[in-house]
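Some notes on the structure that comes next.
The values are calculated or read from the model by the stated rules, or taken from the named source; none is laboratory data. This is a predicted model, so every value here is computed, not measured. Please note: Cβ atoms are built from the backbone with ideal geometry, for glycine as well, and neighbour counts cover all protein chains shown. SASA here: full protein model, heavy atoms, side chains in, ligands and nucleic acids out. Shrake-Rupley method; radii C 1.70, N 1.55, O 1.52, S 1.80 Å.
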Amino acid sequence: MSKAITREYTPGFYEGDRPKIVTSRFEYEDSHTIERFEATGGYEGLKAALAMGPEAMAGEVKASTLLGRGGAGFPAGVKWGFTPQGVWPRYLVVNGDESEPGTYKDRLLMERDPHQLIEGCLIASYAAGLSQCFLYVRGEMPLAHERIAKALDDAYAAGYVGKNILGSDFSLDIVLHWGAGAYVVGEETALIESLEGERGMPRLKPPYFPAAVGLYGQPTIVNNVETLANLPFIAANGSAAFTSIGTETSPGTRMVAISGHVKRPGVYEIVNGSTSFRDIIYGDEFCQGIRDGNELKAFVPGGGSAPWFLPDQLDIQFESKQAGAAGSMLGSGAVMVMDDTTDIPEMALTLVRFYAHESCGKCVPCREGGTWLLRILERVCSGHGTDADLDQLLEVGQSICPGEMPHASSERLGLEAVPFPYKMTTICFVGPSAYASIHSPLTLFRDEFEAKVVPAPKRVSIPVAAG
Amino acid sequence: MSRLTDANLAIARDIIARYPRKKSALIPLLHLTQEQNGYVTDDAMRHLAELLDITPAEVIGTATFYEMFKFEEVGTYVINICQTMSCALLGAGALMHHAEEKLGIKAGSTTADGMFTIEAAECQAACTEAPTMQVNYRHQYRVTTEDFDQMIDDLRSGALSGDIPPHGTLGRNRQNIPADKFVGAPDPDDVTEGPAWIPVKVDNS
Ligand SMILES: Cc1cc2nc3c(=O)[nH]c(=O)nc-3n(C[C@H](O)[C@H](O)[C@H](O)COP(=O)(O)O)c2cc1C
Ligand code: SF4
Ligand code: FES
């Protein structure tokens with residue numbers, strides 16, 4: 001079979017001998033086929049799981065400290081343990097709704113290695129006693145739909161999915177479900193609403209975890225595509241092999257998409273916890289520096305929702321505690337890089353527009369606040385704003401996230417970092433994300449916003465006529 | 001006229017059977033009807049309501065939440081040009097401007113011949129390949145203005161009709177669960193026992 005490595009078909013694969021847990025097959029052009037999958041250790045993890053039994057398998061996942069890759073970074077094994085005892089049936093809902101600005105990894109995993117994801121779903125369902133799996137894939141990803149549909153058909157035919165898998169008493173249906181275009185549906189309770197055929201609005205909390213009350217009110221595990229894609233490795237090689245990669249608090253690898261003004265943008269599988277932003281942006285194996293010999297101005301470290309970083313933060317490792325202490329978060333594994341030619345307010349506007357547009361409208365601070373942030377910022381960017389508008393932006397934001405907002409430190413501005421997280425008045429993170437994506441640029445680059453506005457007209461006092 | 005055809009009705013029944021509760025099939029069936037008619041018609045929504053034992057109001061209530069469902073005719077080719085940050089950093093604004101000039105229409109509208117609709121879109125999960133656009137949701141990477149013009153010419157001449165189906169068709173193959181392998185999707189209210197492979201209650205904690 002062919003093994004031509006070209007930029008065109010494998011944006012996730014690069015030379016170098018870094019450990020590859022989830023992208024190990026990306027070097028093959030036919031990585032999505034069952035033939036390639038079986039020839040390269042595919043479904044060995046499933047067999048290992050069936051041999052060790054559900055309890056031992058769940059134990060391995062717990063021991064691996066596999067952290068969720070969907071944004072919140074919650075340990076998968078612990079989450080599975082939140083399912084209440086003796087309540088049946090339990091479901092698995094796979095979150096393949098990837099749409100956070102800057103994020104491009106789950107789609108790649110679904111298109112390039114659908115069987116690995118299917119195997120992950122099987123292992124999770126076996127270990128946590130889940131009796132049906134719904135694979136919710138973002139609507140705007142037809143190639144992923146086609147590849148997963150074909151992979152599922154082949155896996156059913158080969159006896160990996162369906163009744164009595166590989167002759168065991170383990171049975172599972174995996175149902176491919178297409179979304180229809182709504183960012184907020186990626187929030188896990190909205191995902192469940194959407195899967196029930198409703199408008200995709202997040203549910204009020206508590207209950208905090210769908211693991212307790214989820215799809216049709218039943219215990220439901222929601223996991224990200226990348227999280228599940230790690231399970232075949234853990235099942236086949238054991239948790240020790242997994243924890244030997246990365247650091248104690250962040251074991252394994254992570255898929256990171258680096259986009260924007262770098263020489264070689266791409267999706268890279270990096271070693272968790274011990275790769276710095278400097279490595280990622282400037283490293284030879286990764287992005288090889290800023291385009292055209294320009295200077296780095298700022299970067300967004302964890303998807304559009306994350307407060308921005310400056311060159312001051314380059315030496316922070318890709319590790320959630322460090323990123324949090326420095327005033328941001330790693331979120332969905334997406335780094336957006338801006339060089340010194342960037343118009344900062346314009347870029348902030350693209351993000352604010354995104355979150356304002358994607359508000360589901362369930363809570364007032366997000367629905368109204370997001371809209372106002374957008375209107376004011378549009379006014380500023382089109383040259384019709386005043387300096388009072390800049391303060392107004394912060395004031396509107398305060399109704400979404402009261403109190404101090406996290407932001408990075410800056411030597412240039414003499415600013416100390418304010419660590420993550422923030423307080424919020426909304427049900428989900430869409431509202432706060434609208435604010436975060438204007439708060440940190442405005443805090444770190446206020447001069448650029450000021451250059452776009454005129455002074456607000458002074459208040460006029462009109463005296464009453466004497467007499 | 002725009003109710004599901006017999007062939008699509010058979011597909012719809014298959015899809016409905018995969019879910020423990022019928023209404024879960026609503027979004028997949030909306031896609032199916034959009035694939036048949038190019039957009040979601042009133043008659044189609046009434047038909048889906050019948051199939052799922054819900055009211056037409058519930059159908060439209062759900063359908064209108066989702067951006068991909070169209071309630072009036074759109075172009076044969078819907079061109080979504082990403083305007084979010086990674087693409088904006090690499091010229092998405094100029095690409096949109098060019099597209100509007102080339103087709104002579106503003107974003108959000110359709111050419112008079114019904115061939116093309118342009119939309120300003122949001123992050124398409126292809127950020128490292130910016131600027132990106134989708135034609136009937138098929139990704140196009142690192143799109144230059146020349147690429148755009150070529151694309152329009154090819155679509156007009158039919159050179160790409162094998163690669164890019166008309167609006168409404170998402171995946172060109174659907175999942176097909178063989179009856180003898182299908183475990184089944186009982187309503188959760190009818191389930192009293194744990195799965196067979198969990199012998200006693202398993203302690204995951
Ligand atoms: C507004 C919003 C959008 C989200 N979008 C996604 C998404 O597209 N994909 C995803 O896996 N998680 C997304 N999440 C996180 C999910 O709610 C959930 O935490 C995650 O799917 C759990 O999987 P994990 O534990 O494997 O990470 C989103 C959260 C919020 C608040
Ligand atoms: S924060 Fe925004 S998107 Fe989230 S539930 Fe509230 S209104 Fe909806
Ligand atoms: S920002 Fe355009 S694809 Fe993500």
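Observations on the model:
- Total residues in the stretch A:356-365, condition under 20 Å from the mean Cα position of the chain (by Cα) and open to solvent by less than 50 Å² (accessible area, probe 1.4 Å): 4
- When A:ASP106 is tested against the conditions (1) in contact with a helix residue (DSSP H, G or I) (Cβ under 7 Å, 6 or more places away or on another chain); (2) open to solvent by 10 Å² or more (accessible area, probe 1.4 Å), the lone failure is (2).
- Only one of the numbered conditions (1) within 14 Å of another protein chain (Cβ to nearest Cβ); (2) at pLDDT 95 or above; (3) within 17 Å of the chain's Cα centre (by Cα); (4) open to solvent by 20 Å² or more (accessible area, probe 1.4 Å) is not met by B:GLY108, and that is (3).
- Qualifying residue in the stretch A:132-152 (condition: polar (S, T, N, Q) and under 17 Å from B:ALA125 (Cβ atoms)): no
- So A:ARG353, is it modelled with pLDDT of 95 or more and either over 19 Å from the mean Cα position of the chain (by Cα) or within 16 Å of ligand 1 (Cβ to nearest atom) (or both): yes
- Count of the stretch A:282-296 residues, restricted to those that are in contact with a strand residue (DSSP E or B) (Cβ under 6 Å, 6 or more places away or on another chain) and either modelled with pLDDT of 95 or more or open to solvent by 70 Å² or more (accessible area, probe 1.4 Å) (or both), is 3.
- Residue list for the stretch A:256-281, restricted to those being of a type outside the set (S, T, N, Q), under 12 Å from A:ARG18 (Cβ atoms) and open to solvent by 10 Å² or more (accessible area, probe 1.4 Å): A:VAL271, A:ASP279
- Taking the conditions (1) surrounded by fewer than 24 Cβ atoms within 10 Å (Cβ to Cβ); (2) facing another protein chain (nearest Cβ under 7 Å); (3) closer than 17 Å to B:ASN176 by Cβ in turn, A:LEU152 satisfies each one other than (1).
- Qualifying residues in the stretch A:304-322 (those that are under 15 Å from A:ILE281 (Cα atoms) and surrounded by fewer than 24 Cβ atoms within 10 Å (Cβ to Cβ)) - the one nearest to the chain's Cα centre (by Cα): A:GLN317
- B:ALA120 vs. criteria within 14 Å of another protein chain (Cβ to nearest Cβ), open to solvent by less than 20 Å² (accessible area, probe 1.4 Å) and closer than 26 Å to A:GLU111 by Cβ: no
- Hey, B:ASP163 of a type in the set (D, E, K, R) and modelled with pLDDT of 95 or more or not: no
- Single match in A:ALA128, A:ALA124 (criterion: farther than 30 Å from A:PHE299 by Cα, within 16 Å of ligand 1 (Cβ to nearest atom), surrounded by 24 or more Cβ atoms within 10 Å (Cβ to Cβ) and at the interface with another protein chain (Cβ under 9 Å from one of its Cβ atoms)): A:ALA128
- Enumeration of residues in the stretch B:167-194 that are in contact with a strand residue (DSSP E or B) (Cβ under 8 Å, 6 or more places away or on another chain) and more than 8 Å from chain A (Cβ to nearest Cβ): B:HIS167
- The residues in the stretch B:68-105 that are of a type in the set (Val, Ile, Thr) and open to solvent by 50 Å² or more (accessible area, probe 1.4 Å) can be counted, and the count is 1.
- Given (1) in contact with a Leu (Cβ under 9 Å, 6 or more places away or on another chain); (2) more than 29 Å from B:ASP42 (Cβ to Cβ), number of the condition B:THR111 does not satisfy: (2)
- Only one entry in B:ALA94, B:ALA107, B:ALA126, B:ALA185 is touching a residue at least 12 places away in the same chain (Cβ under 8 Å), under 30 Å from A:PRO89 (Cα atoms) and of a type in the set (A, V, I, L, M, F, W, C), namely B:ALA185.
- Residues of the stretch A:368-400 that turn out to be open to solvent by 50 Å² or more (accessible area, probe 1.4 Å) and either within 14 Å of ligand 1 (Cβ to nearest atom) or among the aromatic types (Phe, Trp, Tyr) (or both), as a count: 1
- Residue within the stretch A:417-430 that is in a helix (DSSP H, G or I) and either closer than 20 Å to A:ALA348 by Cα or in contact (Cβ under 8 Å) with a residue 40 or more places away in the chain (or both) present: yes
- Of all residues making up the stretch B:137-170, the number that are open to solvent by 70 Å² or more (accessible area, probe 1.4 Å) and on the phi > 0 side of the Ramachandran plot: 1
- When residues of the stretch A:177-194 are limited to those that are more than 16 Å from ligand 2 (Cβ to nearest atom) and over 26 Å from A:GLY45 (Cβ atoms), the one least open to solvent (accessible area, probe 1.4 Å): A:ALA180
- Any hit, the stretch B:63-74, residues being away from ligand 3 (no atom under 11 Å from the Cβ), more than 21 Å from B:LEU4 (Cβ to Cβ) and more than 14 Å from the chain's Cα centre (by Cα): no
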